[in-house]
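One structure is given here, and the rest of the page talks about it.
The values are calculated or read from the model by the stated rules, or taken from the named source; none is laboratory data. Being a predicted model, the structure only gives us computed values, none of them experimental. No Cβ is skipped: glycine too gets one built from the backbone with ideal geometry, and neighbour counts run over all protein chains shown.
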Amino acid sequence: MARELMKGNIAIAEAAVRAGLQAYFGYPITPQTELLEYLSQRMVELGRIFLQAESEIAAINMVYGAASTGVRVMTSSSSPGISLMQEGFSYLAGAQLPCVVVDVMRGGPGLGNILPSQGDYFQVTRSAGHGDFHPIVLAPASVQEAIDFTVLAFDLAEQYRHLVMVVADGQIGQMMEPAELPSMREVQTVGPDWALTGARGRPKRLISSIYMLGEEGEAFNRQVQARLQLIKSREQRCFEYQTEDAELLVIGYGTAGRIAYTAVEAARAAGLKVGLLRPQTLWPFPEERISTLSDSIRACLVVEMNAGQMIDDVRLAIGGQVPVDFYGRMGGVVPMPDDILAAIEETYARMTVRVRA
Amino acid sequence: MVATLIPPIEMDVIYERPTALSPVHTHYCPGCTHGIAHRLLAECLDELGLREQTVLIAPVGCSVFIYNYFEVDSCVAPHGRAPAVATGVKRVLPDRIVVTYQGDGDLVSIGAGEVLHAAARGERITTVFINNAVYGMTGGQMAPTTLPGQKTTSSPAGRDIRMTGNPIRMSEVIAQLGGAVYVVRRSLHDVANIRKAKKAILTALKVQMAGLGFSLVELLSTCPTNWGMSPPEAMEWVERHMVPVFPLGDFKVTDAVKDL
């Protein structure tokens, strides 16, 4: 299929349609609204379900209901709306229901603004709702990756009966880039063996997250943790550039990771041994690869569009083996490649001084 | 031996467990009317042949375990969100019967937004609304339906309407919405009213079968445990104190429903 010029939000929506999305429930919020608007026409045209809910809380609970019937279901929102959906995320995790959630992040805290941000890292990887669970979190850095990860998200959600989030920022959602869409997949007509369809000629089924006895609750939690461990062992993903002989490793995801790529290119041109690792999964975090690289690097620089959230995971993966510096912009400010290059040079100089000493 | 002494007697079955009702004991307190409401709903599902095509959405509250008592597919919703969850199910499965069963804390307080919008959209779902004027499961706190002056564990001096407002008559509110086509209030405090309640549930399900819109049956119910009364006293209290505040009646019956 040919590449065409597409806006990130629209590309995600069409990718979901082609991945077999059967039901979408959402609520308007900038900078993801085009996604909802596009699906309001596209889904109806295809005879599929589109509904604009009265709130993000209602939207995620409609997702919960639709997911109970075993169909491919999705919602999308942006940071403050994602906070409201956390109730539903926890119930979806507790009921082991697959679904896809798109978060096009904006500046916070509070109302913040509608500019690109990565302030949701903690929210999506650490505190997506009460109880012990993590969603699978995919972080695209281009419109093409946003398409690919949306399709992947549905497959992972079904494979693990788990909540999968595609976490972009306002930049990815709003910018236009040439990208290629996948071909249209057939919508599945046979549901899984746990789906609620009415107990015709079979025993009744239950979708629930309630376990009244402590022992039952713990046994269920162990089951969830085992599944999360399996995901952790299989699904860590990252993109690498010039890491082979790198002495300084730059780590950034999404838009920050993409801008860092340009800065790393410039640093290499200046003769600095710098490489880039761009996590594509934020949970599970690509800790294995970072841990391996920490044996051969001498310093690390984390770049984020927040005050430093992913840096905690980087530090855990590196385990104190090398110093970890940070460069971040907040409140909707997107760093320029030169800003990151300056931070690289600073860390690089400190690293060299340390080595001489 | 006994069988040979007593000749077999031809008997008619005049009472049996509805097939939609599970053969188990419930966890409800003695005198609680959830048992009556469950049985009425089960009888209606049986009479309309709906058991195998029904998805029941359980609330949070005393009836959270309703899935243990019905032989139907069920989904437990977060507190107050049953109408949103039901919307998700019904939109995917428009030919199935989707029923939410919710208490007054669930439906009138935390879930007020969800039920109003589901009704406004005319979701083809049926809500059985149990109003007993308190939060039951958490131990009898004040609800939006608590009567003025009524003592609860969170209004120990009696509900002071100057501080906490007046009871919300949710059925009357919902009846104002375009998508709601059948909204009635019944009571479970005596046999005559129980029979009327069953008729209303039957109509509400028929409304859904015909795809006419949103249907809701509010049932004035008892909570002897949290009211600190015996079951007979509780039944009497419903009639004496709840009915005057929550008058029984039909708040919305559209022409299409009358034609059913």
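Residues that are of a type in the set (A, V, I, L, M, F, W, C) and within 14 Å of another protein chain (Cβ to nearest Cβ) were ranked within segment B:30-46; the one that is surrounded by the most Cβ atoms within 10 Å (Cβ to Cβ) is B:Leu45.
Checking each residue in segment B:156-172 for being closer than 15 Å to B:Asp104 by Cα and either in contact with a helix residue (DSSP H, G or I) (Cβ under 9 Å, 6 or more places away or on another chain) or surrounded by fewer than 19 Cβ atoms within 10 Å (Cβ to Cβ) (or both) picks out B:Asn166, B:Pro167, B:Ile168, B:Arg169, B:Met170, B:Glu172. When the residues of segment B:10-29 are filtered to those that are closer than 26 Å to A:Gly198 by Cα and β-branched (Val, Ile, Thr), the one that is surrounded by the fewest Cβ atoms within 10 Å (Cβ to Cβ) is B:Val24. Across segment A:27-52, the number of residues qualifying as more than 24 Å from A:Gly107 (Cβ to Cβ) and either in contact (Cβ under 8 Å) with a residue 24 or more places away in the chain or at the interface with chain B (Cβ under 8 Å from one of its Cβ atoms) (or both) comes to 9. Residues in segment B:129-142 that are surrounded by 21 or more Cβ atoms within 10 Å (Cβ to Cβ) and of a type in the set (Val, Ile, Thr): B:Ile130, B:Val134. Pairing residues of segment A:166-177 that are assigned by TED's automatic domain parsing to the domain that holds A:Ile114 and over 16 Å from A:Ile29 (Cβ atoms) with residues that are among the hydroxyl-bearing types (Ser, Thr, Tyr) and surrounded by fewer than 23 Cβ atoms within 10 Å (Cβ to Cβ), at Cβ distances under 8 Å and at least 6 apart in sequence or on separate chains, gives A:Glu177/A:Ser142. Does A:Gly112 satisfy being more than 14 Å from chain B (Cβ to nearest Cβ), in contact with an Asp or Glu (Cβ under 9 Å, 6 or more places away or on another chain) and assigned to a loop (DSSP other than H, G, I, E, B)? No. Comparison of B:Thr153, B:Thr145 shows that the only residue that is more than 14 Å from chain A (Cβ to nearest Cβ) and surrounded by fewer than 24 Cβ atoms within 10 Å (Cβ to Cβ) is B:Thr153.
Of all residues in segment A:324-357, those being in contact with a strand residue (DSSP E or B) (Cβ under 7 Å, 6 or more places away or on another chain), under 14 Å from A:Glu247 (Cα atoms) and hydrophobic (A, V, I, L, M, F, W, C) number 3.
For segment A:53-95, filtering for residues that are within 9 Å of another protein chain (Cβ to nearest Cβ), outside any helix (DSSP H, G or I) and not acidic (Asp, Glu) leaves 7. Checking segment A:219-241 against the condition returns no match, with no residue being surrounded by 12 or more Cβ atoms within 10 Å (Cβ to Cβ), within 12 Å of chain B (Cβ to nearest Cβ), farther than 25 Å from A:Ile12 by Cβ and not charged (D, E, K, R).
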